[in-house]
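*Asks:* Below is the structure I would like to discuss, written out as structure tokens.
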Amino acid sequence: MLLVDLDPQAHLTLSLGIEPDSLRRTVGDSLLGSGTLTGISRETPVLGLDIAPANRELALIDKLLYSRPGYEQQLRRQLQAIPAASYDLILLDCSPAMNTLTLNAITAADLLLIPAQAEYYAARSLRQVVRLVALVRRKTNPTLDFRFLVTMYDRRNKVSRLLLAQMQRDLQPRLFETVIGIDTKLRESPAFAQPITQYAPKTRAAQQYRALAKELMTYVRQKSARPARGAVLRAG
Ligand SMILES: Nc1ncnc2c1ncn2[C@@H]1O[C@H](COP(=O)(O)OP(=O)(O)OP(=O)(O)O)[C@@H](O)[C@H]1O
Ligand SMILES: [Mg+2]
């Protein structure tokens, strides 16, 4: 699997133990056309997981791209150059901002994954994301599909339980069955540069993320395109 960090905060890059400020080449170089995605990607300490890393310069590249005609197609073009056998899945990690980087990601994606919390105000941001998908389908990516993921769920809280039930009713069939609960282990694992499945493999959070990965791979196998491309964009 290849991870592409499209967030200038570079939290994904950091969470794999890579120091963003030390990078000579980032995903920004490939977006500007001065490098290929394969060229700027590197292996991570996690077996089978590569990353196209980011750093703060991405914020500048976001602005530079904007003046280029067809800028929203840049990432899609770069991804098409990756040999089909290299990866099963490519995950494009977006910041919550609706900038040129995020637009590149959802233009290039087969599936938009939308993590959302079971909170009172979340319904509004979910509607905004659905409108965004409709717009992107019209303008740059007619076949874009999307799925919601409930995360940071607090099962001891009555309102959360009610809102989860409501989401399960309203968001079918576009809701992942797996729900990710609140777990402090998920707060710790990035600091140790490990995925939860290595940092605390027996915890409920690790089981939930494994179940999510299974669901996602079932989805991927049903689609013909290889590698499958998922963009992760938080709602609100
Ligand atoms: N289910 C959870 N339970 C507890 N803490 C969580 C959970 N999910 C994520 N966190 C913590 O919340 C923070 C942000 O999580 P994450 O990186 O998944 O979200 P994000 O929206 O991409 O935020 P960021 O702006 O940091 O990239 C991290 O410190 C993470 O460890
Ligand atoms: Mg993030």
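The values are calculated or read from the model by the stated rules, or taken from the named source; none is laboratory data. All values reported here derive from a predicted model rather than from experimental measurement. Neighbour counts are summed over all protein chains in view; Cβ atoms, including those assigned to glycine, are modelled from backbone coordinates with ideal geometry.
*Asks:* Report those helices (runs of 4 or more DSSP H) wholly inside the range 1-82 carrying at least 3 residues which are away from ligand 2 (no atom under 16 Å from the Cβ). Spell out how you get there, then give the answer.
*Replies:* On the way: elements: 11-15, 27-31, 37-40, 58-66, 74-80.
Because the criterion is at least 3 residues that are away from ligand 2 (no atom under 16 Å from the Cβ), the helices (runs of 4 or more DSSP H) in the range 1-82 that meet it are 27-31, 37-40, 58-66, 74-80.
*Asks:* If I go through the range 1-33 residue by residue, how many of them are of a type in the set (Asp, Glu), closer than 20 Å to Ala228 by Cα and away from ligand 1 (no atom under 12 Å from the Cβ)?
*Replies:* Here is the first cut: in the range 1-33, the ones of a type in the set (Asp, Glu) are 5, 7, 19, 21, 29.
Filter again for closer than 20 Å to Ala228 by Cα, leaving 5.
Those left that are additionally away from ligand 1 (no atom under 12 Å from the Cβ): none.
Residues meeting the conditions: 0.
*Asks:* Note down all Cβ pairs under 7 Å where the first residue falls in the range 214-236 and is assigned to a strand (DSSP E or B), the second is at pLDDT 95 or above and of a type in the set (Val, Ile, Thr), and they're at least six residues apart or on different chains.
*Replies:* Once the first residue is assigned to a strand (DSSP E or B) and sits in the range 214-236, its partners that are at pLDDT 95 or above and of a type in the set (Val, Ile, Thr) give Arg229/Ile90; Ala231/Ile106.
*Asks:* Please find, within the range 105-120, the residue that is farthest from Ala228 (Cα to Cα) out of those that are under 15 Å from the mean Cα position of the chain (by Cα) and more than 16 Å from ligand 2 (Cβ to nearest atom).
*Replies:* That would be Thr107.
*Asks:* I need a count of the residues in the range 100-125 that are surrounded by fewer than 19 Cβ atoms within 10 Å (Cβ to Cβ) and either modelled with pLDDT under 95 or in a helix (DSSP H, G or I) (or both).
*Replies:* Going through the range 100-125 one residue at a time, the tally reaches 7.
*Asks:* Need pairs with beta-carbon distance below 6 Å; first residue over 16 Å from Glu188 (Cα atoms) and within the range 11-30, second within 15 Å of ligand 1 (Cβ to nearest atom) and in a helix (DSSP H, G or I); sequence gap 6+ or separate chains.
*Replies:* From residues that are over 16 Å from Glu188 (Cα atoms), the pairs are Pro20/Thr13; Gly28/Leu58.
*Asks:* Limited to the range 167-185, what total is found for residues that are surrounded by 12 or more Cβ atoms within 10 Å (Cβ to Cβ) and out of contact with any Asp or Glu (no Cβ under 7 Å at 6 or more places or on another chain)?
*Replies:* Going through the range 167-185 one residue at a time, the tally reaches 11.
*Asks:* Looking only at the range 195-232, filter to residues that are over 21 Å from Val4 (Cα atoms) and touching a helix residue (DSSP H, G or I) at 6+ places or on another chain (Cβ under 6 Å); which one of those is nearest to ligand 1 (Cβ to nearest atom)?
*Replies:* Step by step, filter the range 195-232, then rank; the result is Ala205.
*Asks:* Looking only at residues in the range 70-125 that are of a type in the set (Ser, Thr, Tyr) and under 21 Å from Gly39 (Cα atoms), which one is nearest to ligand 1 (Cβ to nearest atom)?
*Replies:* So in the range 70-125, the residues of a type in the set (Ser, Thr, Tyr) come out as 71, 86-87, 95, 100, 102, 107, 120-121, 125.
Those still in the list that are under 21 Å from Gly39 (Cα atoms) too: 71, 86-87.
Numbers: Tyr71: 23, Ser86: 25, Tyr87: 21 Å.
Residue satisfying both the conditions and the ranking: Tyr87.
*Asks:* If we scan the range 149-166, do we find a residue that is closer than 15 Å to Arg210 by Cα, within 20 Å of the chain's Cα centre (by Cα), of a type in the set (Val, Ile, Thr) and assigned to a helix (DSSP H, G or I)?
*Replies:* No, because not a single residue in the range 149-166 is closer than 15 Å to Arg210 by Cα, within 20 Å of the chain's Cα centre (by Cα), of a type in the set (Val, Ile, Thr) and assigned to a helix (DSSP H, G or I).
*Asks:* Right, another one. Quick check, is Gln128 of a type outside the set (Asp, Glu), under 20 Å from the mean Cα position of the chain (by Cα) and outside any loop (DSSP other than H, G, I, E, B)?
*Replies:* Against the criterion (of a type outside the set (Asp, Glu), under 20 Å from the mean Cα position of the chain (by Cα) and outside any loop (DSSP other than H, G, I, E, B)), Gln128 qualifies.
*Asks:* Looking at (1) small (Gly, Ala, Ser); (2) over 17 Å from Ala116 (Cα atoms); (3) surrounded by 14 or more Cβ atoms within 10 Å (Cβ to Cβ), which one does Ser224 not meet, given that it meets all the others?
*Replies:* In the conditions (1) small (Gly, Ala, Ser); (2) over 17 Å from Ala116 (Cα atoms); (3) surrounded by 14 or more Cβ atoms within 10 Å (Cβ to Cβ), Ser224 misses (3) alone.
*Asks:* Please verify whether the range 180-200 includes one or more residues that are touching a Gly at 6+ places or on another chain (Cβ under 7 Å) and assigned to a strand (DSSP E or B).
*Replies:* Within the range 180-200, none of the residues are touching a Gly at 6+ places or on another chain (Cβ under 7 Å) and assigned to a strand (DSSP E or B).
*Asks:* On to the next question. Do we find that Pro96 is surrounded by 14 or more Cβ atoms within 10 Å (Cβ to Cβ) and within 16 Å of ligand 2 (Cβ to nearest atom) in this structure?
*Replies:* Details: surrounded by 14 or more Cβ atoms within 10 Å (Cβ to Cβ): no; within 16 Å of ligand 2 (Cβ to nearest atom): yes.
For Pro96, the condition - surrounded by 14 or more Cβ atoms within 10 Å (Cβ to Cβ) and within 16 Å of ligand 2 (Cβ to nearest atom) - is not met.
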